[in-house]
Amino acid sequence: MTVKAERKSAAGWRLENSYARLPEVLHTRAAPVPVARPVMALFNEKLAVELGLDPGALAGESGAEIFAGNRLPDGAKPIAQAYAGHQFGHFTNLGDGRAVLLGEQITPGGARADVQLKGAGQTPYSRRGDGRAALGPMLREYVMSEAMHALGIPTTRSLAVATTGEQIVREKLLPGAVLTRIASSHIRVGTFEYAAALGDRALLESLVDYTLHRHYPDFLEAENKALALLAGVVERQAKLVAQWAGVGFVHGVMNTDNMALSGETIDYGPCAFLDAYDPATVFSSIDRTGRYAFGNQPRIAHWNLARLAEALLLALHVDQARAVGMAEEALSCFPERFEYFYRGMLRAKLGLCGEEEGDFALAQEFLEWMQASGADYSKSFTDLTSSVGELAGRLPVGAPALPPWQAKWKARLGRQPSGRAEVIALMRSANPVVIPRNHRVEEALAAAESGDFSVIHRLLKVLARPFDELPENEAYRTAPMAGGEPYRTFCGT
Ligand code: AMP
Ligand code: MG
């Protein structure tokens, strides 16, 4: 990538447009469509600073104009990106139907971050959609993505939500909003599927090259770049999905267009976090078969990676039979790599340093107990953490049915050289005391929709420090009362 002469505006914009220089079939010029009355609803000052932007210059009206799409920041060259994707298993041509990429902000640290407006109006890929987004789902993406970041899990970020002063038509009229999404890129499995469907090897190769530059620069010298890219994505996705499992995250729509090659969590639609532990948990109202259930996520990630591998075939080898062999070999690493990260994550959650033969069985037994008893996933682990700090032999709160398991766990802790403080530190780092619980998120969105943003601000503050037991997060640690209706999320449109 060639670095253009530096441009820096008063607000700190330093935008480049490397994606817009890729072959034209991959994108179309698409300016954001101005809205009636831009008002800033949420603004992430800390993230603005990390990006090299001046929060003072952007927090007010001029920021709202930019983040609603009414005014372009210096250096922006807005485009909609073309992509395809398998949605619930079926191939479709998609593209940014309601998002525009303004450009890539070069951060003070030299990183390149996509600045995208989601809900910015129609683009050439909108089909029959209005190109708009409702306030509720955009606030939801803001909360969930920032919570995920604080949990230490790779994710796109949220810089701002601006309301538009317009109503949008869904099942009922809803207030419109635009989310400014920051991502290390928006290159998706579906981007490669789109390029592959055109059958153009040179195009595919330039996309491989570009993706390596942005996300896997160490592989640029690889003998087979497409193979190196595939292996790199397999590794990052295996880790990502294990990290999701560690905090009970259900993505909800793991279509191939919602899987990023960077390894970041992307496209927060009907996602939610587990309360009670059950691998069959599905939150999305449109996921009728449970395709994207909590426990299915590793299998689906593997399936999506197979679509990526297929899309890369032309770039893998001129001899397509050999290309298939290479793809299969790279893909076959996924289950093993996922297990590696997943088991390591479970060991940390149980405070197990080092590795013993029976560790995974021990963890499994605890998970099975949770499932059978309907215990809360996050709370069960934080209760275990507290029990380490209490006198040896005392039962964890909420686990009265567990004495035999607990004895085994304590014995296992006793066999490792680490002291109690070390075990507690490890468990605290792996077991968040607060997650964005559905009832808390809904409460915050409902208040914001009726004009009261104090609840969402409080929630965001609490979610920014998920691992610390603080007086201000005490009320956010508890699970909702049992016996309520199962939680349902609706597609984020
Ligand atoms: P999503 O469910 O947000 O991942 O979107 C799936 C596809 O539908 C993407 O190609 C979006 O750009 C497109 N899409 C979603 N909502 C709209 C809308 N209101 N107008 C136009 N396109 C949309
Ligand atoms: Mg999407």
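The values are calculated or read from the model by the stated rules, or taken from the named source; none is laboratory data. All figures in this text were calculated on a predicted structure; none of them were measured in a lab. Positions of Cβ are generated from backbone atoms using ideal geometry, with glycine treated the same way; all protein chains shown enter the neighbour counts. Note: accessible area is taken over every heavy atom of the protein model, side chains too, but ligands, DNA and RNA are not part of it. Shrake-Rupley method; radii C 1.70, N 1.55, O 1.52, S 1.80 Å.
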(request) Enumerate the amide H contacts of VAL433 below 5 Å, restricted to partners 5 or more residues apart or on another chain; note that Pro and chain-start residues carry no placed amide H. (result) PHE467, ASP468
(message) How high is the relative contact order of the chain? Use alpha-carbon pairs under 8 Å, at least six apart in sequence, and give a whole percent.
(response) 14
(request) May I ask for the angle, rounded to the nearest 10°, between helix 135-150 and the longest principal axis of the chain, with both axes built from Cα atoms and the value confined to 0 to 90°? (result) 60
(request) Add +1 for every Lys or Arg and -1 for every Asp or Glu among the other residues with Cβ under 11 Å from the Cβ of SER126, and state the total. (result) +2
(request) At 7 Å along the Cα-to-beta-carbon direction for both ARG127 and GLU365, put a label point, then send me their distance in nm to one decimal. (result) 5.1
(message) Explain nothing, just compute: Karplus ³J(HN,Hα) = 6.51 cos²θ - 1.76 cosθ + 1.60, θ = phi - 60°, for every residue of segment 101-113 in order, whole Hz, x for Gly and Pro.
(response) 8, 7, x, 10, 7, 8, 7, x, x, x, 7, 10, 10
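Quick one: how many lysine pairs in the chain have C-alpha atoms under 17 angstrom apart, if they're 8 or more apart or on different chains?
8
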(message) Using only DSSP helix segments of four residues or longer, with each worth -39500 (n - 2.57), what per-residue ellipticity at 222 nm results for the chain after dividing by its residue count and rounding to 500?
(response) -13500 deg cm²/dmol
(message) If you roll a 1.4 angstrom probe over the protein chains with everything in place, what fraction of the accessible area of the chain belongs to carbon and sulfur, to the nearest %?
(response) 54
(message) Quick check: net charge around SER62, other residues with Cβ under 14 Å of its Cβ, Lys/Arg +1 and Asp/Glu -1?
(response) -3
(request) Along Cα→Cβ, 7 Å out, is where each label goes; now give me the distance between the ones at GLU24 and PHE88 in nm to one decimal. (result) 3.7
(request) Return the FRET efficiency for the residue pair ASP54, ARG488: r is the Cβ-Cβ distance, R0 is 56 Å, and the value is rounded to the nearest 0.05. (result) 0.85
(message) Net charge around ALA242, counting only other residues with Cβ within less than 10 Å of its Cβ (Lys, Arg = +1; Asp, Glu = -1)?
(response) +2
(request) Using the heavy atoms of the protein chains and a 1.4 angstrom probe, tell me the accessible area per residue for segment 4-186 in square angstrom. (result) 38
(request) Hey, can you grab everything whose amide H is under 5 Å from the amide H of ALA84? Only 5+ residues off in sequence or another chain; H modelled, so Pro and N-termini drop out. (result) LEU94, THR191, GLU193, TYR194
(request) Among DSSP beta bridges lying fully in the chain, give the percent that are antiparallel, nearest 5. (result) 95
(message) For a quick check of understanding: with a 1.4 angstrom probe and all protein chains in place, what accessible area in square angstrom does ARG29 have, to the nearest ten?
(response) 150
(request) Sort 180-189, 302-311, 164-173 for me by packing, meaning the mean count of neighbouring Cβ atoms within 10 Å per residue, highest on top. (result) 180-189, 302-311, 164-173
(request) At q = 0.19 Å⁻¹, work out log10 I(q)/I(0) for segment 213-324 with the Debye formula, treating every Cα as an identical point scatterer and leaving solvent out; two decimals please. (result) -0.95
(request) Please give the length that would be gained between GLU442 and SER386 if that part of the chain were fully extended, namely 0.36 nm times their separation in residues minus their C-alpha to C-alpha distance (nm, one decimal). (result) 17.3 nm
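What is the packing order of peptides 379-386, 412-419, 226-233, taking the mean over residues of other C-beta atoms within 10 Å and listing the highest first?
226-233, 379-386, 412-419
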(request) Only residues of segment 415-436 count here: report those whose backbone N is under 17 Å from the spot 7 Å along Cα→Cβ of GLU472, or say none. (result) 433-436
(request) Mind checking the full-extension length gain between SER429 and PHE453? Use 0.36 nm per residue of separation minus the Cα-Cα distance, one decimal, nm. (result) 5.6 nm
(message) Using only the Cα atoms of the chain, what are the Rg and Dmax in Å?
(response) 23.1, 67
(request) Round to the nearest 0.05 the FRET efficiency obtained for THR107 and ARG71 when R0 = 22 Å and r is the Cβ-Cβ distance. (result) 0.50
(request) Based on the mean of other Cβ atoms within 10 Å per residue, sort peptides 148-158, 241-251 so the most packed one is first. (result) 241-251, 148-158
(message) Can you give me the distance in nm between label points at ALA372 and VAL33, each placed 7 Å from the Cα along the Cα-to-Cβ direction?
(response) 5.7
(message) If I histogram all Cα-Cα distances within segment 24-69 using bins 5 Å wide from 0, what percent of pairs lands in each bin?
(response) 5, 20, 23, 17, 13, 13, 8, 1
(request) Starting from the Cα of LEU220, move 7 Å in the Cα-to-Cβ direction to define the label point; list residues of segment 98-113 whose amide nitrogen is under 20 Å from there. (result) 104-113
